[in-house]
1. Efficiency by 1/(1 + (r/R0)^6): what FRET value for A:N84 and A:E221, r their Cβ-Cβ distance, R0 = 35 Å, to the nearest 0.05?
2. Within region A:36-85, list the GluC sites (Glu not before Pro) lying in a DSSP loop whose Cβ has at most 11 other Cβ atoms in a 10 Å radius.
3. Note down the nm distance, to one decimal, between modelled labels 7 Å out along Cα→Cβ at A:R182 and at B:F256.
4. Any idea of the total accessible area buried by the B-A contact, 1.4 Å probe, rounded to 100 Å²?
5. Could you tally the net charge around A:K43, taking each other residue with its Cβ under 14 Å from the Cβ of A:K43, Lys/Arg +1 and Asp/Glu -1?
6. Within a 10 angstrom radius of each residue's Cβ in A:84-94, how many Cβ atoms of other chains show up on average? Whole number is fine.
7. Could you give the nm distance between label points at A:L169 and B:L54, where each point is 7 Å from its Cα heading toward the beta carbon?
8. Taking GluC sites (Glu not before Pro) as candidate sites, keep only those in a DSSP loop with at most 16 other Cβ atoms within 10 Å, then name the longest stretch of chain B containing none of them.
Amino acid sequence: MASITLDNLGKVYPGGTRAVGDVNMQIADGEFIVLVGPSGCGKSTLLRMVAGLESITEGEVRIGDRVVNTVEPADRDIAMVFQNYALYPHMSVRQNLAYGLKNRGTSKAEITRRVDEAAEILQIGQFLDRKPRALSGGQRQRVAMGRAIVREPAAFLFDEPLSNLDAKLRVAMRLEIKELQRRLRTTSLYVTHDQLEAMTLADRLVVLNGGQVEQIGTPLEVYRNPASTFVAGFIGSPAMNLIPSRAVPHLPGSAHAGIIGIRPEDLAVDPDGPIEMQVRAVEELGAQRLVHGHTNGADLTITLGSHADLHDTLRLSAQPEALHRFDEKTGKRLA
Amino acid sequence: MKRTIFSNQLLPWLLLAPQLAITFIFFLWPAGQAIKQSFLREDAFGINSSFVGLANFTALLDSPEYLNSLKVTAVFAISVTVVSMGVALLLAVAVDRMLKSSRTYTTLLVWPYAVAPAVAGILWWFIFNPTVGVMPYVLEVIGYDWNHISSKTDAMILVVIASAWKQISYNFLFFVAGLQAIPASMREAAAIDGAGPVRRFFDITFPLLSPTTFFLLVVNIVYSMFETFAVIDATTEGGPAQATNIMVYKVYFDGFIGQNLGSSAAQSVILMLIVISLTVIQFRWVEKKVEY
Ligand SMILES: Nc1ncnc2c1ncn2[C@@H]1O[C@H](COP(=O)(O)OP(=O)(O)OP(=O)(O)O)[C@@H](O)[C@H]1O
Ligand SMILES: [Mg+2]
């Protein structure tokens, strides 16, 4: 168990690519932090710097009170779950789980105890003598998690551990990871590009964009008060409408903001509403429908109940507190 | 897959004919001749030959010279294989770490493979020549009196080096390809699991490389037993005192120099059997693919 501190952390690759810059954050003991952002934004790089698999070119990583910049991965007391699981194909599941303990000179009895315990937690007891290739994707995933938990490390690092699973299994494993972490209370750093995974798993999430931190906060904070148009567009599905205020002149506060953000679910059909929307397409999702269109040249999406009447034009309104205002140039949130 | 149907029954045979002819003329026919010859004994003038059954074979197995040749071949083949694969693996592991920037290094290491075995043999013969070579001079400085013309050990070392040298490039290429095929995350996981570089190599890299290693093992044994004729001929000619007279060279020496065709043919047949069994072992393994 330990806290993790990132202090002005940055990475410049030998080719000159600046993958990560100026990351500052405090991860409390037992906290579940999710790093989220689009492909190439530096999530893996950041995680691998914490793991010790990538050299640190700027700043500091501290695990507990110890600066670990030059500490070998093995000595950082962390465990990592890889996207491709990285199970050792020539070893049985039991040997896979035991390998890290064996290398650290743990006693035979203790190894057996911990492996059996992990197998019990993850329900992989009946696979212990199989080789990884004889397991399904989901079972491999569990073994990979097992390999991390037997070590009882100070922190878990996950790099998109669910992205090789099918959609249904992903949802199930997501829940299991959440439960597991709640039970073990181990500090976790989890990388994903899936905002839904990020929202559901995180105690706090870190939105990265181009190697920079855009926002750090609890899922609800980030959802309710996105710090920038980037975060607003990235977190939440369907994405928040970001409309130039010219297109919606009658909304409160639009006079002194460049961009108005409104979540699709915050727009309601209202015959007296200030926004007139021309409907272009409707997506039927069963429980609800997504209506796409535009107003004064700006794209607009709303969610409606499946019983709502549809017309070619709709008048819409939104509660004043549901409006987000952003600066047009910087994209930053205005108070 | 699309199947090509030949309406003409003759055409496929015509297309195969050159390949079949070459196989027959240069392989099947001489092999048949060797088998036939191995059961015959010619008289001193090479005019008449008579059927002697397995006499040629039993004579061989009773001959201390042939048994010596078997032993020499085993020592030679194992040494060449171990040296060429060991050095190649070391180089491949070194290159694997920095492969992106090392195109030139890779190319350089492939060069020896383009050098004919005889040339390689002469090259090494010069380098190790007791009177004009560089190595004996260097060895003398560190107190070793090199002479492969009189010393059996030195002669063996010379032919092993001269033969292994060329094979290193070939093995190297396969090892590099094999290493590249191992996902980096496997080694990273092992690093996090507390395995140092040496441990990582023996616990993870080497086992995952085993299909490549086994393939190369067979290839190198076959090479050292059958393709090193030119090297031996250019350096030691089997000497001194039979110390480097490997089976292939003995076949040639007994057959063409000694004119003992029956014995030479019997030796070829034994060699043929060895090749066949090595090939069978290899195919068996390839079928099983990988052990994990
Ligand atoms: N070894 C490397 N050498 C040079 N540049 C690299 C290297 N690894 C990554 N990069 C660059 O650093 C940036 C961040 O890469 P990183 O792998 O951290 O992204 P990511 O957020 O994990 O993306 P994804 O979601 O696709 O996995 C990218 O622009 C990438 O091209
Ligand atoms: Mg990544």
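1. Result of the calculation: an efficiency of 0.60.
2. When the GluC sites (Glu not before Pro) of region A:36-85 are filtered for loop state and at most 11 Cβ neighbours within 10 Å, nothing remains.
3. The two pseudo-label positions are separated by 8.3 nm.
4. 1800 Å²
5. Within the 14 Å Cβ shell, the charges total -4.
6. For peptide A:84-94, the averaged partner shielding equals 5.
7. Computed distance between label sites A:L169 and B:L54 equals 5.9 nm.
8. B:1-226
The values are calculated or read from the model by the stated rules, or taken from the named source; none is laboratory data. What you see is a predicted model; the values in this text were computed from it and never measured. So basically every Cβ, Gly included, is an ideal-geometry build from the backbone, and we count neighbours across all protein chains shown. These accessible areas exclude ligands, DNA and RNA; they are computed on the full protein's heavy atoms, side chains included. Shrake-Rupley method; radii C 1.70, N 1.55, O 1.52, S 1.80 Å.
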